[in-house]
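The values are calculated or read from the model by the stated rules, or taken from the named source; none is laboratory data. Quick caveat: nothing in here was measured; it's all calculated off a predicted structure. Neighbour counts run over all protein chains shown; Cβ positions are idealised from the backbone, glycine included.
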Amino acid sequence: MRYQRVYPQGLPGKRALNVLPTGEHLCPLQPGIPWQDLLPKGAMNFWTGSQACPPNKYVLRVEVSPNGTMKVDGCPSHESLSYVPFPDTKTWNTSSKDLFQINKEVLAQLKEIPYGPSAQLPPDCESFLVQCGSATRQLFFRKTQRQASSPSPSLKASPQQYNILVLFIDAVSHRHFYRKLPLTAEVLFQMTKKSGFSLHEYFRYSLTGFNTDPNTLALYTGHLWDEGETSHRHEPLWEGLRRNGYVTAWMNDDCDDWSVSCMKRTTSYALSHELLAPFCHPEYYPAVGHPFGNFKGPYSIRRRCLFGHYVHHHAFAWVNHMVSLYHKKQPFAFFNAFIEGHEGSGEVLSTMDAELADFLKKASDSGLFEDTVLLLLSDHGNHMSLSYVYTENGRQEHESPFLFVSVPDSLAAAADVDDPSRTVGQNLERNEQVLVNAFDIHFFLKVLIQWQDRENLHGDAQGWWRQSLLSNKRANRTCEEAKVPDNFCWCHHPNSMPT
């Protein structure tokens, strides 16, 4: 019974409810017994060796001029010094970004260049590797700003365009988030005490399909997954964002571009920046053989290391780099995907706790979230673990991903388009307990694209508001209403959680 009580808990003072304070009954959640909470940290992969990454021998410093000329310091004169520019992948076509082809395409373009006084990066290079001797490889990012597209005439006089920052961690349940990311959970709790923004935690955030493809298709395009569909093209959110004056960026710390397969696009010019190529390097992603094994690559149950650090270290460094380039200068929408939760042991996720917590703390302390919408979320729980294969709770957790949303106070104070007596903040708080999924988030972001003109929403755009997380949802919303597939529907379960 004790562990059944742990299962629905959230941040201090929050938990999943059966009935709203208004007396409205909610979709019942099935009680779970999270037996994984009994296991000590590292119990499932302790035998794989150290979870720390071997550090670089030297710490290098690099300066890059506006025209791409490089200056490198920190490498002793007796060591060889070279650099490797990574290709810009954002406009590659579908065949080049095929799941089993993209790493080969990246490797074919990698060229190690001896460092000298005339060392210069290619014009389109935004990330590059500097190698000092045989024991130091260090990844750097170039300060390259892209001009956002001009917003449409109706939006030019906008008093406010909110930035959008998405941190997406594949295959992590709500309960597993607390199990493996305690430092991050504590930072989120401290964020609830800050002014300038409000943080919301969603207890009935559900699936639109079994794995990443259907859930990200719903999130980024607002469409259901159709296995038989081969030609129809769906527009991803960043195309609308780019048209309306946003700088857009995509990062995935797996050598994969979901948007090619899920969105059926041949290529894209809607992204201002993309970071994929460094994560195709053979130090992390196997150059030959099957790349998705248990001991190396993006599904490995061992530590994930690249260039002297955890793989996610470079991802967070890039996010910080991008924020520093554009915050307070141009509105931005940055979509960042992490693969650390997608493996069989359930332990690798804990390696990113310290850096995720540090990123969120510094971002909240800096005031970033006072004008930026943060989405911290997963697509589904772990479906690769022994828990999923052998226990009912594992299957329950697969259907229960996590979702946290932070919104600036000015956004929370805005009136509900359909009911001006209510505010967006009131709706977001109410919906913490209501059945929601990726479609609600998608239409939330669609509304943000048109935020300056929201009072004039009509036709399809008016439907966006009512389908979004911003609207006042019915408490006992059904799976059919929320587009939750029948086989993943919690509301069929007769039992409710213990109180």
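For segment 93-105, which positions are in a loop (DSSP other than H, G, I, E, B) and touching a helix residue (DSSP H, G or I) at 6+ places or on another chain (Cβ under 8 Å)? Lay out the reasoning, then the answer.
Narrowing segment 93-105 to residues in a loop (DSSP other than H, G, I, E, B): 93-101.
If the condition is that a residue be in a loop (DSSP other than H, G, I, E, B) and touching a helix residue (DSSP H, G or I) at 6+ places or on another chain (Cβ under 8 Å), then Thr94, Ser96, Lys97, Asp98, Leu99 are the ones that fit.
Hey, any hits in segment 301-310 for a residue that's surrounded by fewer than 18 Cβ atoms within 10 Å (Cβ to Cβ) and either in contact with a helix residue (DSSP H, G or I) (Cβ under 7 Å, 6 or more places away or on another chain) or not in a loop (DSSP other than H, G, I, E, B) (or both)?
So in segment 301-310, the residues surrounded by fewer than 18 Cβ atoms within 10 Å (Cβ to Cβ) come out as none.
No, segment 301-310 has no match at all.
Might you let me know whether segment 362-377 holds any residue that is in the same structural domain as His176 (by the TED database), among the aromatic types (Phe, Trp, Tyr) and either closer than 24 Å to Asp257 by Cα or touching a residue at least 40 places away in the same chain (Cβ under 8 Å) (or both)? Explain how you work it out, then say what you get.
Within segment 362-377, the first condition is being in the same structural domain as His176 (by the TED database), and the residues that meet it are 362-377.
Right, trim to among the aromatic types (Phe, Trp, Tyr) and you get 369.
Retained after the next criterion (residues that are either closer than 24 Å to Asp257 by Cα or touching a residue at least 40 places away in the same chain (Cβ under 8 Å) (or both)): 369.
Yes, some residue in segment 362-377 is in the same structural domain as His176 (by the TED database), among the aromatic types (Phe, Trp, Tyr) and either closer than 24 Å to Asp257 by Cα or touching a residue at least 40 places away in the same chain (Cβ under 8 Å) (or both).
Just a yes or no: is a residue in segment 177-184 modelled with pLDDT of 95 or more, under 14 Å from Leu403 (Cα atoms) and of a type in the set (Phe, Trp, Tyr)?
yes
Need pairs with beta-carbon distance below 6 Å; first residue within 13 Å of His223 (Cα to Cα) and surrounded by 12 or more Cβ atoms within 10 Å (Cβ to Cβ) and within segment 480-492, second hydrophobic (A, V, I, L, M, F, W, C) and modelled with pLDDT of 90 or more; sequence gap 6+ or separate chains.
Ala482/Leu435; Lys483/Phe439
Does Pro85 satisfy the condition of being touching a Cys at 6+ places or on another chain (Cβ under 8 Å), surrounded by fewer than 17 Cβ atoms within 10 Å (Cβ to Cβ) and over 30 Å from Glu186 (Cβ atoms)? Walk me through it before giving the result.
Numbers: touching a Cys at 6+ places or on another chain (Cβ under 8 Å): yes; surrounded by fewer than 17 Cβ atoms within 10 Å (Cβ to Cβ): no; over 30 Å from Glu186 (Cβ atoms): yes.
No.
Within segment 163-174, can one find any residue that is among the acidic types (Asp, Glu) and buried (at least 21 other Cβ atoms within 10 Å of the Cβ)? Don't jump to the end; show me each part of the working.
Residues of segment 163-174 that are among the acidic types (Asp, Glu), as a first pass: 170.
Checking the rest, the ones that are also buried (at least 21 other Cβ atoms within 10 Å of the Cβ) come to 170.
Yes, the conditions are met somewhere in segment 163-174.
Here is a list of conditions, (1) surrounded by fewer than 15 Cβ atoms within 10 Å (Cβ to Cβ); (2) within 29 Å of the chain's Cα centre (by Cα); (3) of a type in the set (Lys, Arg), and Arg15 meets all of them except one; can you say which number that is?
(1)
For segment 268-309, how many residues meet the condition of being at positive phi and touching a residue at least 12 places away in the same chain (Cβ under 8 Å)? Can you show your working first?
Quick first cut of segment 268-309, residues at positive phi only: 289, 297, 307-308.
From what is left, the residues that are touching a residue at least 12 places away in the same chain (Cβ under 8 Å) are 297, 307-308.
So the count comes out to 3.
Can you pull out every residue in segment 132-162 that is touching an Asp or Glu at 6+ places or on another chain (Cβ under 7 Å) and at pLDDT 60 or above?
Cys132, Gly133, Phe141, Arg142, Thr144, Tyr162
Please find, among Thr22, Thr89, Thr94, the residue that is over 30 Å from Leu181 (Cα atoms), of a type in the set (Val, Ile, Thr), at pLDDT 85 or above and in the same structural domain as Ala108 (by the TED database). Show your work before the answer.
Numbers: Thr22 fails: in the same structural domain as Ala108 (by the TED database); Thr94 fails: at pLDDT 85 or above.
Being over 30 Å from Leu181 (Cα atoms), of a type in the set (Val, Ile, Thr), at pLDDT 85 or above and in the same structural domain as Ala108 (by the TED database) holds for just one of Thr22, Thr89, Thr94, which is Thr89.
Have a look at Ser77, Ser82 and point out the one that is among the polar types (S, T, N, Q), within 25 Å of Val288 (Cα to Cα) and either modelled with pLDDT under 95 or out of contact with any Leu (no Cβ under 6 Å at 6 or more places or on another chain) (or both). Spell out the reasoning first.
Details: Ser77 fails: within 25 Å of Val288 (Cα to Cα).
Only one candidate qualifies: Ser82.
Just name the residue that is surrounded by the fewest Cβ atoms within 10 Å (Cβ to Cβ) out of those in segment 207-223 that are polar (S, T, N, Q) and in a loop (DSSP other than H, G, I, E, B). Reasoning before the result, please.
Taking segment 207-223 as the starting set, the residues that turn out to be polar (S, T, N, Q) are 208, 211-212, 215-216, 221.
Imposing the further condition that a residue be in a loop (DSSP other than H, G, I, E, B) reduces the set to 208, 211.
Numbers: Thr208: 24, Asn211: 16.
Among residues in segment 207-223 that are polar (S, T, N, Q) and in a loop (DSSP other than H, G, I, E, B), the one surrounded by the fewest Cβ atoms within 10 Å (Cβ to Cβ) is Asn211.
Could you run through segment 66-104 and say how many residues are in contact with a Lys or Arg (Cβ under 8 Å, 6 or more places away or on another chain) and within 24 Å of Ala119 (Cα to Cα)? So that I can check it myself, show each step before the final result.
Narrowing segment 66-104 to residues in contact with a Lys or Arg (Cβ under 8 Å, 6 or more places away or on another chain): 68, 72-74, 84-85, 89, 94.
Within this subset, residues satisfying the condition of being within 24 Å of Ala119 (Cα to Cα) are 68, 72-74, 84-85, 89.
Here the count works out to 7.
Scan segment 312-326 and give yes if some residue there is part of a loop (DSSP other than H, G, I, E, B) and not small (Gly, Ala, Ser), otherwise no.
The initial filter retains those residues of segment 312-326 that are part of a loop (DSSP other than H, G, I, E, B), namely none.
Within segment 312-326, not a single residue is part of a loop (DSSP other than H, G, I, E, B) and not small (Gly, Ala, Ser).
(1) closer than 14 Å to Leu376 by Cα; (2) of a type in the set (Gly, Ala, Ser); (3) at pLDDT below 95: which one isn't true of Ser345, the others all being true?
Every listed condition holds for Ser345 apart from (1).
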